[in-house]
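Below is one structure, written out as C-alpha cells; comments come after it.
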Amino acid sequence: MEASRRDFLGVALGGLGAIGALGALYPIVKTLEPSAASSMEGRVEMKLSEVPELGVRVTSWRGKPLFIVHLPEDIEQRFQYPSLKAGAKNSAGKTNKEIIGSHRIFALEGVCTHLGCIPLWKPEGSDAVKAPYFHCPCHGGLYTPWGDVIGGPPPRPLYVPPQKIEGDKLIVDMAIKDGFVKERV
C-alpha cells in the first residue's frame with residue numbers, strides 16, 4: 001500500500017511541476033507573438049476629397065495617430081517658416097519636405113519624436129510662428145506642416161510612413177514599394 005501512496009505523491013508533484021512550467025512559459029510565448037498594435041490597421045485609405053485644403057484629418061494606423069495633411073499649392077509663397085532645427089533629420093538623413101517632395105496631400109505619424117505626445121495642428125499659426133504648423137504642447141515642440149522640426153526639444157522630424165496616391169485615394173501601408181514614400185522615414 002505504501003508504494004501506491006508514493007506513486008500518487010510522485011504523480012501529484014509531477015503534475016504540479018508541469019502546471020508550474022506551463023505557467024512560466026505562457027508569458028514568454030505571449031511576448032513573442034506580434035502585438036495587436038503592429039497587426040491592426042496595416043493599411044489606411046483616405047479619399048483626397050475628404051481632406052480640406054489647409055486641413056488635417058486624423059485617423060489611426062498601426063495603433064498610432066496618423067495625420068493626413070492637405071496643403072495649398074502656394075503655401076511656400078503665402079507663409080514664411082523659421083529655419084529648421086540644426087541636425088534634426090529623419091532616418092534617411094533628409095528633411096521630410098525633401099522626402100515628400102511636391103505632394104500636397106500626404107501622411108505623417110502623429111507622434112512627437114521627443115516623448116511620444118500627440119502634436120496639435122495650428123492652421124492659423126500663432127505669434128511665434130506666423131504660418132500653419134504642428135505644436136506639441138507638452139514640451140513646446142514645433143513642426144512645419146511637412147513634420148520637420150523648427151523648435152523645441154524634438155530630436156528628429158515626425159515619421160513619414162510608406163504611402164502613395166492611387167486614383168482619388170491616399171494609401172498608407174508598410175507593404176508599399178511603389179509610392180512616393182517607399183519606407184518609413
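Since every read-out is calculated from the coordinates, none of them should be taken as a lab result. Remember, predicted model here, so these are calculated numbers, not experimental data. Every residue, glycine among them, receives a Cβ derived from its backbone with ideal geometry; neighbour counts consider all protein chains shown.
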**Message:** Taking the condition of being in a loop (DSSP other than H, G, I, E, B) and in contact (Cβ under 8 Å) with a residue 40 or more places away in the chain, how many residues in the range 156-173 meet it?
**Reply:** 7
**Fill in**
Per the list (1) under 15 Å from Ile165 (Cβ atoms); (2) among the charged types (D, E, K, R); (3) surrounded by 14 or more Cβ atoms within 10 Å (Cβ to Cβ), residue check on Glu109 breaks on (1)
**Request:** Return the residue satisfying two criteria in turn: it lies in the range 110-133 and is in contact with a Leu (Cβ under 9 Å, 6 or more places away or on another chain) and in contact (Cβ under 8 Å) with a residue 60 or more places away in the chain, and of such residues it is farthest from Leu84 (Cα to Cα).
**Result:** Pro123
